[in-house]
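The values are calculated or read from the model by the stated rules, or taken from the named source; none is laboratory data. Nothing here was measured: the structure is a model prediction, and the numbers come from that model. Neighbour counts are summed over all protein chains in view; Cβ atoms, including those assigned to glycine, are modelled from backbone coordinates with ideal geometry. Ligands, DNA and RNA are stripped out before the accessible areas are found, and what is left, the full protein with its side chains, is counted by its heavy atoms. Shrake-Rupley method; radii C 1.70, N 1.55, O 1.52, S 1.80 Å.
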Amino acid sequence: MKLNNRLAALSGMITRRYKHIWDCCCDHGHLGMALMQSGSATTVHFVDVVNPLIDLLTAKLQQQHPDSDCWETHCCDLNLLTLPERSSDHLLIIAGVGGDLTIEFVKNIIANNPHHNIEFLLCPVRHNAKVRQTLKELGLKLINESIVYDKGLFYEVVHASSRAQEDIVITGSVMWDKLNPKHLQYLEKTIEHYERASRSSPEKYRKLLTSYQELKNKLF
Ligand SMILES: C[S@@+](CC[C@H](N)C(=O)[O-])C[C@H]1O[C@@H](n2cnc3c(N)ncnc32)[C@H](O)[C@@H]1O
């Protein structure tokens with residue numbers, strides 16, 4: 001199965017094998033299935049809150065991998081997810097949902113699994129700065145990050161865990177490639193967005209706008 005640019009970028013950022021990978025909000029399950037194929041985890045877990053989606057996916061996986069014990073499906077609200085095996089490593093992927101929902105999920109997953117070593121691979125739809133701010137407040141550090149262009153839209157991918165060393169920067173750090181014209185386009189679009197936002201709420205957005213403008217002056 002060919003993944004779209006966004007899901008392919010997420011898959012490409014997984015550079016080691018995990019005991020458990022969780023394709024959270026899996027919907028069609030394309031990403032998790034690709035990760036099963038590439039052998040990225042001992043067990044790939046598919047999580048979604050919509051029962052018929054999980055039933056369909058379960059039937060498909062049973063048909064395609066009848067004897068495999070390397071996948072599990074879970075119909076549950078991500079806000080209530082409890083992880084097994086405290087001593088194992090878990091990579092949780094949350095992609096394709098809004099930034100506010102991503103924040104809610106990350107906060108609740110950490111609260112519900114306080115003794116687990118969790119890595120997050122996040123690709124929210126919008127509100128990237130707000131997601132990054134929350135990750136910093138939760139004590140998460142940066143493993144890697146990237147910018148993805150898919151079907152006319154830009155996305156940021158952040159791979160983070162509490163055991164990493166690098167600080168997360170609100171406007172992004174290692175993801176920016178000054179030789180990539182698409183990155184300049186993304187930065188200019190982001191600046192335009194915060195120019196509009198700070199016209200209506202200057203107190204709230206002025207500082208962030210300045211940070212993005214300074215980044216542009218420094219990089220491009
Ligand atoms: C747009 S799809 C994203 C699919 C895939 N992750 C991607 O990036 O292409 C969003 C999915 O999130 C699921 N979802 C929404 N709220 C959820 C929750 N509280 N717990 C688990 N899944 C949820 C929806 O049922 C839907 O299938």
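Region 72-168: percent of C-alpha pairs farther apart than 20 Å? The partial results should precede the final answer.
Details: 1567 of 4656 pairs.
Everything past 20 Å amounts to 34 percent.
Would you mind getting me the FRET efficiency between VAL125 and THR15? Use the beta-carbon distance for r and R0 = 30 Å, nearest 0.05. Approximately 0.80, to the nearest 0.05. Between LYS218 and ASN144, the simple label model (points 7 Å from Cα in the Cβ direction) yields a spacing of 2.3 nm.
Given N residues in the chain, what is its alpha carbon radius of gyration divided by 2.2 N^0.38 Å? Spell out each step's value before the answer.
Details: Rg = 18.1 Å, N = 220, 2.2 N^0.38 = 17.1 Å.
Normalised Cα radius of gyration, the chain: 1.06.
In this simple spin-label approximation, LYS151 and MET1 carry label points 7 Å from Cα along the Cα→Cβ vector, and these lie 1.5 nm apart.
Find the relative contact order for the chain and round it to a whole percent, using C-alpha pairs within less than 8 Å whose residues are 6+ positions apart. Could the numbers behind the result be given before it?
Working: 368 pairs, mean separation 33.1, N = 220.
Across the chain, relative contact order equals 15 percent.
Shape analysis of region 176-220 yields a ratio of the Cα radius of gyration to the Kirkwood radius, Rg/Rh, of 1.02.
Amide hydrogen proximity for GLY98: with H placed 1.01 Å from N in the peptide plane, the residues at 5 or more positions away or on another chain lying under 5 Å are VAL125. Springs between alpha-carbon atoms under 10 Å, Gaussian network over the chain: tell me which of ASP89, ASP77, ASP69 tops the mean-square fluctuations. Highest fluctuation of the listed residues: ASP69. Computed with a 1.4 Å probe over protein heavy atoms only, the accessible surface of the chain comes to 52 Å² per residue. Pull out a ≥ b ≥ c, the square roots of the eigenvalues of the alpha-carbon gyration tensor of region 1-55, then state rounded if a/c is under 1.5, prolate if not and a/b is larger than b/c, and oblate in the remaining case. Oblate shape, in that a/c is at least 1.5 and b/c is the bigger or equal ratio. Using the Stokes-Einstein relation with a Kirkwood hydrodynamic radius computed over Cα pairs, the translational diffusion coefficient of region 31-78 at 37 °C and a viscosity of 0.692 mPa s comes to 300 µm²/s.
Surface composition of the chain: carbon plus sulfur atoms hold 49% of the accessible area, using a 1.4 angstrom probe and ignoring ligands, DNA and RNA. Please give me, ordered by residue number, the GluC sites (Glu not before Pro) of region 67-145 that lie in loop per DSSP and have at most 14 other Cβ atoms within 10 Å. Answer by residue number: GLU85.
The tail of the calculated P(r) for region 41-107, taken as Cα-Cα distances beyond 21 Å, holds 32 percent of the pairs. Considering only GLN133, GLN64, GLN165, the mean-square fluctuation computed in a Gaussian network model of the chain, springs between alpha carbons under 10 angstrom, is largest for GLN64. Paramagnetic label reach from ASN112 (point 7 Å along Cα→Cβ; backbone nitrogen cut-off under 13 Å): within region 1-36, residues 24-25. Only Lys, Arg, Asp and Glu carry charge here, each on its Cβ (+1 for the first two, -1 for the last two); on that basis region 8-160 has a dipole of about 480 debye about its Cα centre.
Amide H contacts for GLU166 (H built 1.01 Å from N in the peptide plane; partners 5 or more residues away or on another chain; cut-off under 5 Å): LEU142. The distance separating the Cα centre of region 1-67 from that of region 79-156 comes to 17 Å. Peptides 167-173, 43-49, ordered by how many other C-beta atoms sit within 10 Å of their residues on average, highest first, read 43-49, 167-173.
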